1. When only DSSP loop residues count, what chymotrypsin sites (Phe, Trp or Tyr not before Pro) in segment 163-231 have their Cβ near at most 12 other Cβ atoms within 10 Å?
2. Express in nm, to one decimal, how much length is gained between Arg22 and Thr122 on full extension, taking 0.36 nm for each residue of separation and deducting their alpha carbon distance.
3. Are any of the pairs Lys86/Lys234; Lys116/Lys255; Lys172/Lys266; Lys38/Lys175 more than 31 Å apart by Cα-Cα distance, and if so, which?
4. Sorted by mean Cβ packing within 10 Å, highest first, what order do the peptides 251-260, 29-38 take?
5. Taking the Cβ of Lys182 as the centre, find all other residues whose Cβ is under 13 Å away and add up their charges (Lys, Arg: +1; Asp, Glu: -1).
6. Quick check on the exposure proxy: order Val176, Val81, Val111 from fewest to most C-beta atoms within 10 angstrom.
7. Can you pull the Rg over Rh of segment 6-99, Cα-only, Kirkwood?
8. All other residues with a Cβ under 10 Å from the Cβ of Ile154 taken together, and with Lys, Arg as +1 and Asp, Glu as -1, what is their net charge?
Amino acid sequence: MHYWTMTQTPTIFQEHLTSFLRSLAGNNLSELTQTAYKTDIIQFFTWIAENDVTIQNPCQITRAHITDYLSSLADLGRSGVTRARKLAALKELFSYLVQEQIIALSPAQTVKMPKKEKRQKTYLRADEYRLLLAAAGGNTRDFAILQVFLQTGIRVSELITITLSDLDLENKTLKVHGKGKKEREIPLEKKGIQSLRSWLAVRPSTSDTHLFLNYEGTGFSIRGVRKIVDKYLKIAGIQKKISCHGLRHTFGTNKAALGMSAFQLKELFGHSNIQTSLDYVHIGTNDIRRAMELTSL
């Protein structure tokens, strides 16, 4: 993956991008969202510089430039989901430039969002996630990380921000800092509590307050946690393409299969739209139906 930087942005656009990113920070958008917007916009500006040397300022960018850019991404095999995300970033940028009276109209305003493909959620069956946990059984920290994923369904970006003060073992709750800086409290189950107690008993004493520490005694990066999950999937012999988000799907699917409602899942997941939570209920219902068919007399 290529990580774009401000220095790679054509000079004529750097000032506008800097002010736009400053406005995002002021609107309390998460750092992940800000980074994604920055990357997507720099890629667009770089494409503009490479494909139309006549462009000297944002006023000259037209709707055709944006649609041609999206077409070029499609030719490169970028999915509808990816193209929709990049267009969303451009819509935000040009709306900001209109508000700041830098341009009169947004060239992205009437560009339709690319159709997003319906992705099949990949998750682990009960026997598979037991294998995954067994693979990590010899490492107290890694076992606790996997248990937290499977027992709470939190995002990897949320897991790495958990601090010691977010964990309340007495009341059996975990405070999670979600998207848009929204906080939610998740009840902890026995298995999760046991694994966390075991980890805290051996957790190194350090000034870093993150719940989970890497080998340097500091908080994890997203990449670091992903490597841990990949490691144990491989050890467990699980061939499915499962990410940290796949463990989130595993939590939701299994909870739905056992009767948890979409409203309850929405609260646990921190979803803003209940339709997202309903997807898990449908998957879980299908799992129950298949199990009924397989065990029919």
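1. On the way: sites: Trp199, Phe212, Tyr215, Phe220; in loops: Phe212, Tyr215, Phe220.
In loop regions of segment 163-231 (DSSP not H, G, I, E or B), the sparsely surrounded chymotrypsin sites (Phe, Trp or Tyr not before Pro) are Tyr215.
2. Numbers: separation 100, 0.36 × 100 = 36.00 nm, distance 3.67 nm.
Separation in residues times 0.36 nm, less the Cα-Cα distance, equals 32.3 nm.
3. Values: Lys86/Lys234 33 Å; Lys116/Lys255 26 Å; Lys172/Lys266 20 Å; Lys38/Lys175 29 Å.
Among Lys86/Lys234; Lys116/Lys255; Lys172/Lys266; Lys38/Lys175, the Cα-Cα distance tops 31 Å for Lys86/Lys234.
4. Details: 251-260: 19.6, 29-38: 15.9.
The packing order, highest mean first, is 251-260, 29-38.
5. Around Lys182, the surrounding residues sum to +2.
6. Values: Val176 22, Val81 14, Val111 18.
Ranked by crowding around the Cβ, least crowded first: Val81, Val111, Val176.
7. Numbers: Rg = 12.8 Å, Rh = 13.7 Å.
Value, to two decimals: 0.94.
8. Numbers: positive: Arg155, Arg184, Arg248; negative: Glu158.
Taking every other residue near Ile154 into account, the sum is +2.
Rule-based calculations on the coordinates, nothing more; no lab input. Predicted model, so just to flag it, every value in this text is computed and none were measured. When we count neighbours, we look across all protein chains shown, and the Cβ atoms used for this are built from the backbone with ideal geometry, even at glycine.
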